[in-house]
Structure formats: C-alpha cells, structure tokens
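The values are calculated or read from the model by the stated rules, or taken from the named source; none is laboratory data. All of these numbers come straight from a predicted model, not from anything done at the bench. Ideal geometry is used to build each Cβ from the backbone, glycine not excepted, and the neighbour counts take in all protein chains shown. Keep in mind that these areas ignore ligands, DNA and RNA; they rest on the heavy atoms of the full protein, side chains included. Shrake-Rupley method; radii C 1.70, N 1.55, O 1.52, S 1.80 Å.
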Amino acid sequence: MIAALVAVLLAAATPVPAAPVAPHVVAVDAAEIPDRVSGRADDPRCGPAAPSPVPDGRPIRVVMPPAKAFTVGAIPAAMWRRPPVTDPTWRLTFQGLMWVRPLARRAALDGQQKSLAALVRQVVLFHRQNPDPGSNGYGWDEGTALRRLEAENCLFTLTRSAALIPGMTADVRVLTGPRYYGPPRYAVHNHGLMANLQMIRAGQIIPRPAWTRIAVDRLLHEAPLGFSRQGVSLEQSSMYQLTNATLWERAAGQLGAHPEAQKRIRTTVNRAYLIFSFMTELDGKISQIGDSDETAGRPRDLKANRAVRDDQAGWVIGRWGWTDRNAPHYTIRYGPARRAHGHEDRAGGVTWSTLGVRVLVGPGRFSYDRTVPYALYQTRPDGQNVAVPAGGTARGGTSAITSTFEPTRHVFVVKDTVYGKAHTRGVTTNSTIGRMVVSDAFTGVNRWRQHWHLDPDWVRQPGPALVFKHPSGRRLTVTTTGKVAAVLRGATSGPYGWHFPRFQVREPSYQIMIDNLGNWTTTTFRVG
C-alpha cells in the first residue's frame, strides 16, 4: 500500500471565475498505452519520492485522509467531479494530481516501468473522464491546472509517453486563456508565476516553443509588478514573501536570453530576501503576517540598518538589533486594501516581541476553506491586533502612516478610513524597556473595541489584573484606559482566542478585548 503524504505549501487561491470557453476534449485511449514506458531514470524536479516502493504488477493505493484510499487506474469517473472531500486544499491535491509526482519518482528510481505506465494511464483517464468544461469547475481552475501540468511534466520526463501531450495541452489552454491568474485580468500573483515556470518546462521537454515564448514574455512583463520598489511582496504575507522571492529567482534562471531583464529580476530578488530577513524575528522564525506559518526565517546581521518603512506595500518592520535575542522586533501594517494572502490588518495592525519572547502575534494560517470558521477568523479584523468600531465592516478606504525614529524610541501614527470613519492609531515602541503603547480614536463613532492576541505561551495569572507569565519566566502586564470586555482563550463559539502556527493546526491563545470609555483608548504592554 502506498501512502501519498500530502503537504500543500502554496495557496489554493481562486480568482474571480472566468467566463466559460469552449471545452477541450482529449482524444487518447488509455488502453493504447503500453505496459512499459521508458524515459529518464530520475528527475529531482518531481519533488521528494514516495517513502514506500511502487512494485510492478501490484495495485497502487493512495491514502489522502480524510477520504478513503483509492486505487490508481480504478478511480470512479464521477469522483473527479464530485470529490469525497469539500476542503479546497484536498481537492487541489487530488484533482491537480499532485499525488502522482512522489509515486512516479519512486517508481522511476526503483526501475518500476509498469507502475510508471499505470500512472500514465491514470493521468490520461483523468482527461477523458473529466474534460475541461471551459470554466473553473471540476478542477479546471488555474491553480489546479498548473499543479496538474507540473505532475504531467514530471511524468513525461520520466516516461516520454506521447499519450500525456493532449492532457498537457488542455492544461496549457487554461493557463493561456482568461483563467490565467495574472495580467491583464488579475494582479501579478505567485500562481501566474508558477504557471509560467511549468509552461516553460513543458515547452522545453515536448517541445512546444510557442508555450515557452508565451511564458517568457509574461515573465518579462510581470517581473516589475510582483514586489514594491523596496522588495516587499504585494501579496501581504510574510511567508509568501519567501515563496515569491524563491519563485522569481527560478524565473530569472529561465531568462538567459534576456540578460538585462535577468539582472533586474535578480536585483529585486535580492531586495526581497533582505526584506525577509527583516521579517525574521530574533528566535529565527518569521513574524506571522497574513497567511503565514511560523516557519524558519533568514537571520542575518545588517548592523545599523534596523527599520523598513514601505508605503507602497504598507509595511513597517523595525528592530533594535540583529543578534541580541532580547532586542525588540515589531511590525505595523497599513496602506493598500487587502488582497491575495493578506488579512484585515491595514488599520495599524501590529506584532511585537521583546526580551526574547513573542508578545503580540498575528493569527497565522489555518485553512483556505471559507466554510471553516477558523479560516474566516484568521482573516477577520477581530483576528488581528487592531481596533474595530461597533458594527464596522472593512470597506477599503485610505490608510497612511507617519513615523519618527529616535535612538531609543520609534513612534508611528496611522490614519485611515478602513471602516468608513476616520481612525487614528498611535504606536510607540522602546528599546531600553520592554514596552509598547498603542492608542486608538475614531471620529463619529461612539463605541469601538481593541483586539489583542498574545502568543500561545503566555498564561494568565490569578487576579483581576491582566498579568501573564511566560515559560521563560518573563511577565507581561497589560493596562488600559478602556474597559476590559473579555479575555478569551480557545473559544469555539465565534471563534475567539486561537493561534495557527502551521496549516490546519490550532492552539488556544489569549485574545483580549478592550472597549473604549472616552475619545481615546490607550493600552500599554509591559514585559519584565
């Protein structure tokens, strides 16, 4: 039995549905594929090999919880259009044939040509049983199609089976039509970039020079549009900062015929890696901003270069040291409206660490399934460290910041109309003491609430005061001029009081809700 261990690291973000186009029917009979195929003995671009062998002549069973195991070559035709699991990430993996790559590579490494032929027949069957409907349904959105093309590229490289080409052509049709996730219909996004990289590879191995030319032309056009001038990814996520930097580094390698463009892209990539180092906290992991896991960062020592303010992307990232684990680190979000992998944090949402501990944290990333309450919570305003007016709904509006950098103090003022009313937030951080002070005021609003999210390691101490203890021995005291409305931890109703360190993993953490008692609410966090 083969267990395909699935770990999806990139988002199943789906753009606005494209208008239907004429369906594309693949005319290849799977029965015509020989029992043995031949190609390369290995291709590392297929990704990690399956841990268990894929012996010739035995049924290939694939386990993808929570669904029942299925057998390669015997997947019911109806299952492609009505998968047994509603989670979009599961469906992306299943319909995108992402489970094929580890099996194919293991079979190739072990010389199991009959198993490789069985995988080829299954891919061909997918296209016969589930042809492109000309819309995003049934696994024919751009995100699923590009993953499927990646699996087909892998399998073609290992087998050189011409039977795969019609299906690859069908997937390229998706990625070159109105469903393509990139200009002119959509902003530059990592999905479009991944699509272009897979099209280049497909165009080279079949070969199809026209596919390569289209993808390269799009890379040349889109390269300046994915990052701010300072190198911050416009997808509004610290984790996707690294994803995009890595993908564009790969893209640059495909542009040897365009040395000037290649040089510009590599300059942008270097800036993006620099910004990612700013996003890396003193514990070596990133601040979780937007859809992000608590993953490893890129520590480095940039000496006195300790703050970034990027008005184009809407980020401030500051610190008072690169090697001193006790040095403060903070982020502030403002600026452009939420898009891609961003959260509703642009009204001055903050994170903050000091004295070797994380204090205020972003929610992280639980899921992309918007039917799951925790996935909604990770994006909602009350899931961020922001102030929200009673009945307020994020409407877009404006959001700008002013800043004052002093040797031992950084002061910021965010002014926005994110909720339709004028809002001002003041943020002060200090280097000599473990303190952050945040003040909020709204114009024309009688009631508003601050939401604060503590790192899961903090434990509240007995008594009426807001005092918390950390396993390191540090103590956090929270004081406010407002009224403490609630202190919740791990509440399933709402939900409230959760942190998501990794995809589909949730940990209870304290969420403090503070209501205003006057024109201003000032809340102070002090660690000692």
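List of remarks:
- Applying the Karplus relation 6.51 cos²θ - 1.76 cosθ + 1.60 with θ = phi - 60° to region 55-72 yields 3J(HN,Hα) values of x, 4, x, 10, x, 9, 9, 10, 10, 9, x, x, 6, 6, 4, 10, 10, 4 Hz, where x marks Gly and Pro.
- Leading residue at positive end of dipole, region 372-516 (Cβ point charges), from THR480, VAL505, VAL427: THR480
- Packing around the peptides 197-206, 114-123, 142-151, taken as the average count of other Cβ atoms within 10 Å per residue, puts them in this order, highest first: 142-151, 114-123, 197-206.
- Based on C-alpha pairs under 8 angstrom that are at least 6 apart in sequence, the chain has a relative contact order of 9 percent.
- Within the same chain, lysines fewer than 8 places from LYS68 are excluded, and of the rest, those with a Cα less than 27 Å from its Cα are LYS114.
- For region 255-322 versus region 207-237, the gap between their alpha-carbon centres in whole angstrom: 19
- Percent accessible area from carbon and sulfur atoms, the chain, protein chains only, probe 1.4 Å: 53
- The chain: angle of helix 165-175 to the longest principal axis, Cα-based, in degrees nearest 10: 30
- For TYR510, the amide hydrogen comes within under 5 Å of the amide hydrogens of LEU454, counting only partners 5 or more places away or on other chains and with H modelled in the peptide plane.
- For a straight C-alpha distance cut-off of 23 angstrom, the lysines reachable from LYS303 (same-chain residues fewer than eight places away being disregarded) are LYS285.
- ³J(HN,Hα) computed for each position of region 222-233 - Karplus, 6.51 cos²θ - 1.76 cosθ + 1.60, integer Hz, glycine/proline x: 8, 3, x, 9, x, 10, 6, 4, 8, x, 8, 4
- Solvent-accessible area per residue for region 390-528 (1.4 angstrom probe, square angstrom): 47
- C-alpha center-to-center spacing [region 448-499, region 122-139] in angstrom: 49
- Here the Karplus curve 6.51 cos²θ - 1.76 cosθ + 1.60, taken at θ = phi - 60°, turns the phi angles of region 366-382 into couplings of 9, 6, 9, 8, 6, 8, 9, x, 5, 5, 5, 4, 4, 9, 4, x, 6 Hz, with x standing for Gly and Pro.
- Dipole of region 207-253, positive end: most advanced residue of ALA210, GLN241, ALA251 [Cβ charges, Cα centre]: ALA210
- Partners of LYS421 within straight-line reach, counting lysines whose Cα lies under 26 Å from its Cα and excluding those fewer than 8 residues away in the same chain: LYS483.
- The 1.4 Å probe gives accessible areas that order TYR186, TYR138, TYR496, largest first, as TYR138, TYR496, TYR186.
- On Cα atoms only, tilt of 142-159 relative to the major axis of the chain in degrees: 40
- Surface per residue (accessible, 1.4 Å probe) for region 35-194, Å²: 35
- Computed P(r) (all Cα pairs; the chain; 10 Å bins; percent): 4, 18, 26, 23, 16, 10, 3, 0
- Amide proton proximity set for ALA390, modelled H, under 5 Å, gap of 5+: ARG447, TRP448, ARG449
- Dipole magnitude (debye, nearest 20) for region 448-528, charges at Cβ of Lys, Arg, Asp, Glu: 140
- In terms of accessible area, using a 1.4 Å probe and ignoring ligands and nucleic acids, ASP87, ASP291 rank largest first as ASP87, ASP291.
- Proximity of backbone amide H atoms, modeled 1.01 Å from N, is registered between GLY434 and VAL527 at under 5 Å, excluding neighbours fewer than 5 places apart on the same chain.
- Ordering of 89-101, 370-382, 399-411 by packing [mean C-beta count within 10 Å, highest first]: 89-101, 370-382, 399-411
- Peptides ranked, highest mean first, by Cβ atoms within 10 Å: ranges 168-176, 297-305: 168-176, 297-305
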